[in-house]
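First comes the structure, then the notes that go with it.
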Amino acid sequence: MALGDPSQLLPARQQMAFTLGFHIVLVPFGVAFVFIMMIANYRAIRRDDQDALLLAQRWSKVAAVLFAVGAVTGTVLSFEMGLLWPGLMRQYGAVLGFPFGVEGLFFFLEAIFTAIYLYGWRRLPGWAHFWTGVPIAVSGIFGAMSVIAVNSWMNQPGGFTASGGRITSIDPWQVYFNHAALYEMPHMILAAYMVTGFLVAGVYAAGIWRGRRDRYHYTGFALGFVPAAVLTPFQIFVGDTAARAIASDQPVKFASMEYVAHTGRQVPEWLGGVYISGHIYGGLRIPYMDSLLVGFGPGTKVTGWDSVPAADRPPVV
């Protein structure tokens, strides 16, 4: 409970949601943008492609700015974990500290090589400069995995032993690669690459649509679109797997995600809309879809909110 005061619970949730909502906009770029930049850099060296070289140089400046802004919002989040949720961190800080510590190492590694890569333009030979960028892309992936390890652990806690209300031993491997991490990590990494790729492609697609039909714009579009398009089928599979895992391991959370108020069969899927006093307004209803999502058949039983006693349900406000 935030600050030990029930009245502060909703403000704490709102503040955390606002910071997370702002930070997650930057996360895909921190994870995947450098990879697309490195493809451009590789193409520039391998094929002596001046358009790809220009793209890589410009993208490196954008990556540096996004990294700096993301570092600020990420730092705010780390402080909020302790300030807004002191009970959680007091009880399980020894567990969550490990993946957060790993993330910190990759963050500093990413920062160091970002500086080297930016400084290395025109100062290092082509391939030597290229390899200074590889740790940035790798650090982005592992840094994201470390943060997701914390989030997934809170969904599927494990890897520790408690005695007398205190943590007595920790299995770092089980904490980091907990049950939920097996689908949350690939889901986030693939999402980051897809979001970044399609956004980059969209910028150059807009330029092409406005008549800038030159090799520079076509190259920028292809370097963003192709990786994102290739990864899309894999993300569909991972996302489907994640939804079924949540329905199995955390059925009430699945019910909250999918507007399932009452346990039943032939449960529909709702896209969008607002839930008010037992009714959904403005949503698109897809018959039987939730049952199909959970168990491949319209007759699959889906657990609803009514499976939890009213006294145990969290307040709406």
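The values are calculated or read from the model by the stated rules, or taken from the named source; none is laboratory data. Computed from a prediction, not measured in an experiment: that's the story for all the values here. Every residue, glycine as well, gets a Cβ built from its backbone with ideal geometry; the counts of neighbours run over all protein chains shown. Areas reflect the complete protein model, heavy atoms only, side chains present, ligands, DNA and RNA absent. Shrake-Rupley method; radii C 1.70, N 1.55, O 1.52, S 1.80 Å.
Residues of the stretch 169-215 that are over 21 Å from A149 (Cβ atoms), open to solvent by 30 Å² or more (accessible area, probe 1.4 Å) and of a type outside the set (A, V, I, L, M): F198, G202, W209, R210, G211, R212, R213, D214, R215.
Within the stretch 237-287, which strands (runs of 3 or more DSSP E) (wholly inside it) include 2 or more residues that are surrounded by 15 or more Cβ atoms within 10 Å (Cβ to Cβ) and on the phi < 0 side of the Ramachandran plot? It would help to see each step written out before you state the result.
Details: elements: 269-271, 274-276, 279-281, 284-286.
The strands (runs of 3 or more DSSP E) meeting that bar are 269-271.
When residues in the stretch 144-163 are screened for being open to solvent by 30 Å² or more (accessible area, probe 1.4 Å) and of a type in the set (F, W, Y), 1 of them pass.
Does A162 qualify as being among the small types (G, A, S), modelled with pLDDT under 95 and touching a strand residue (DSSP E or B) at 6+ places or on another chain (Cβ under 7 Å)? Please lay out each step first, then the result.
Numbers: among the small types (G, A, S): yes; modelled with pLDDT under 95: yes; touching a strand residue (DSSP E or B) at 6+ places or on another chain (Cβ under 7 Å): yes.
Against the criterion (among the small types (G, A, S), modelled with pLDDT under 95 and touching a strand residue (DSSP E or B) at 6+ places or on another chain (Cβ under 7 Å)), A162 qualifies.
Against the definition (part of a helix (DSSP H, G or I), β-branched (V, I, T) and either without any contact (Cβ under 8 Å) to a residue 60 or more places away in the chain or out of contact with any helix residue (DSSP H, G or I) (no Cβ under 9 Å at 6 or more places or on another chain) (or both)), how does V230 come out, yes or no? Judged against the criteria, V230 is a match.
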